[in-house]
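The values are calculated or read from the model by the stated rules, or taken from the named source; none is laboratory data. Everything numeric in this text was worked out from a predicted model, so none of it was measured. Positions of Cβ are generated from backbone atoms using ideal geometry, with glycine treated the same way; all protein chains shown enter the neighbour counts.
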Amino acid sequence: MIADLSQSDLEALGARVRADYDAFRARGLKLDMTRGKPAPEQLDLAEGMLALPGNRDHLTEANEDARNYGGVQGLAEVRAMFAPTLGVAPAQVIVGDNASLAMMHDAIVWALLKGVPGSAKPWSKEGEIAFLCPVPGYDRHFAICEEYGIRMIPVPMTGDGPDMAKVEELVRDPAVKGMWCVPKYSNPSAESYSDETVRRLASMKTAAPDFRLFWDNAYVLHHLTDDRREILNVVEACAEAGNPDRPFVFASTSKMTLAGAGLAFFASSEANVKWWIARASKRTIGPDKLNQLRHVRFLKDEAGLIAHMDKHRALLAPKFEAVTKALSDRLANQGAARWIKPAGGYFVSVDVTEGAASRVVQLAKEAGLLLTAAGATWPYGKDPNDSNLRLAPSYPSLKDVKAASEGIAICIQLAAIESEQA
Ligand code: PLP
């Protein structure tokens, strides 16, 4: 442990690590570990989609012309294909265009302007409202809240999902209308919610009768190991607990097929789906059904989808392995950082010693290595402990991920030594 070293041992280690850092910087690399998006090779896996559905192939199973207007809910065959993944019946699925984030955004804007089933009035007429935000979390969720003046209340993650005692206490405030959840392979901590967490979220007593779980299952099929995590079905759990309208489930094929041209999904209770269609049909005459058809033709069925995800895993797992190996090789038993080996998702979350995260980012930058800004995983971009770092190894080549990870481990170790010396 760095903290237990004698003054002279600390100085000796500091000199060695500083030399490693200087050597790393002297390599003049240009590395970027900020981009949580698929690598070109992953997009290539779906290249075949670009030729689909192909000339004259535009009729749906119901014999509708996918080139034309209409079909706000999405094609029946697409809803049937993704319904098991979403944990609902096909009738409870909406297929959107390419971004689930856009659907989350619309859900919040519609809730603000119109309210949701069970609302006494639109959320914007309620005075200040608040959302619970498990931390570390996804910056774009927080950005939506910030954009619309929704107060964000951080709740710590525990390894099994959010701290439920805190959540249960906070939802006693009627101003708390919602909560962001990335229940499987969370962004960025990679943890998955335990059954008990899901049950408690489903059954907890909320003061707001129209409280919603924004259940962003972005990484539902994004396994990195043979341990294919399954989490409890939140729609069923909420229905069983007498709160059928509580969950708004979101997912997308952004990191299954094409990040910029996938399909997004909303799944929920019958009442919520009806509410969604009523709003969505004012916004559009219908989604891009050719893209929906393209997905069905390419993936074929649920088994095809899962087989496709295995190909992603083969490309991604070595990159994650490279990150955690580099961290372990240099930082095991140093007390300088804590991380978990992700079993899925797109990120490695590292907690460094308090107050050191921005220093790590700065050291990395000076050595040609771009890291996500410290604080990005917290509401308002402010991590009160300045300790969380989000690493995104999917996009760079494996060679670059290896080099970057070694560099990151050096920067973390150096920052820890510096804070000990301060
Ligand atoms: N939700 C989470 C948790 C994410 O990490 C991301 C992308 O990184 C998204 C949503 C974006 O999804 P989409 O491409 O469907 O908008």
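Residues in the stretch 214-234 that are crowded, with 24+ Cβ neighbours inside 10 Å and not in a loop (DSSP other than H, G, I, E, B): TRP215, ASP216, VAL234.
Scanning the stretch 78-107 for residues that are of a type in the set (Val, Ile, Thr) and either out of contact with any helix residue (DSSP H, G or I) (no Cβ under 7 Å at 6 or more places or on another chain) or away from the ligand (no atom under 13 Å from the Cβ) (or both) yields VAL78, THR85, VAL88, VAL93, ILE94. With respect to the conditions (1) of a type outside the set (Val, Ile, Thr); (2) within 16 Å of the ligand (Cβ to nearest atom); (3) over 30 Å from ALA404 (Cβ atoms); (4) surrounded by fewer than 20 Cβ atoms within 10 Å (Cβ to Cβ), GLU302 falls short on a single one, namely (2). Listed by first and then second residue, the pairs linking a residue in the stretch 22-50 that is outside the structural domain of SER397 (by TED's automatic domain parsing) to a residue that is within 16 Å of the ligand (Cβ to nearest atom) and among the basic types (Lys, Arg), with Cβ atoms under 6 Å apart and 6 or more places separating them unless they lie on different chains, are PRO38/LYS255. Output the residue which, of all residues in the stretch 233-266 that are of a type in the set (Val, Ile, Thr) and touching a residue at least 60 places away in the same chain (Cβ under 8 Å), is farthest from the ligand (Cβ to nearest atom). If we take residues in the stretch 233-266 being of a type in the set (Val, Ile, Thr) and touching a residue at least 60 places away in the same chain (Cβ under 8 Å), then VAL235 is farthest from the ligand (Cβ to nearest atom). Quick test for you: out of ALA202, ALA130, pick the one residue that is modelled with pLDDT of 95 or more, farther than 20 Å from VAL249 by Cβ and away from the ligand (no atom under 14 Å from the Cβ). Just one listed residue meets the conditions, ALA130.
Residues in the stretch 315-335 include none that are within 16 Å of the ligand (Cβ to nearest atom) and assigned to a loop (DSSP other than H, G, I, E, B). Taking the stretch 176-202 as the range and being under 17 Å from GLY87 (Cβ atoms) and surrounded by fewer than 21 Cβ atoms within 10 Å (Cβ to Cβ) as the test, the residues that pass are SER194, ASP195, ARG199.
So which of GLU147, GLU230 is under 24 Å from GLY262 (Cα atoms), out of contact with any helix residue (DSSP H, G or I) (no Cβ under 6 Å at 6 or more places or on another chain) and free of Cβ contacts under 8 Å to residues at least 40 places away in the same chain?
GLU230
Could you pull out the residue among LEU290, LEU221, LEU213 that is within 15 Å of the ligand (Cβ to nearest atom) and touching a residue at least 60 places away in the same chain (Cβ under 8 Å)?
Going through LEU290, LEU221, LEU213 in turn, just one is within 15 Å of the ligand (Cβ to nearest atom) and touching a residue at least 60 places away in the same chain (Cβ under 8 Å): LEU221.
Checked against (1) within 29 Å of GLY48 (Cβ to Cβ); (2) touching a residue at least 24 places away in the same chain (Cβ under 8 Å); (3) in a helix (DSSP H, G or I), ALA303 passes all but condition (2). Looking across the stretch 365-382, the residues that are touching a residue at least 40 places away in the same chain (Cβ under 8 Å), in contact with a Gly (Cβ under 8 Å, 6 or more places away or on another chain) and assigned to a loop (DSSP other than H, G, I, E, B) come down to ALA367, GLY368, THR377, TRP378.
Considering only residues that are among the charged types (D, E, K, R) and within 22 Å of GLU47 (Cα to Cα), look in the stretch 271-299 and name the one that is surrounded by the most Cβ atoms within 10 Å (Cβ to Cβ). Among those that are among the charged types (D, E, K, R) and within 22 Å of GLU47 (Cα to Cα), it is ARG294.
The residues of the stretch 133-175 that are part of a loop (DSSP other than H, G, I, E, B), buried (at least 20 other Cβ atoms within 10 Å of the Cβ) and either among the charged types (D, E, K, R) or within 16 Å of the ligand (Cβ to nearest atom) (or both), listed by number, are PRO136, GLY137, TYR138, GLY161.
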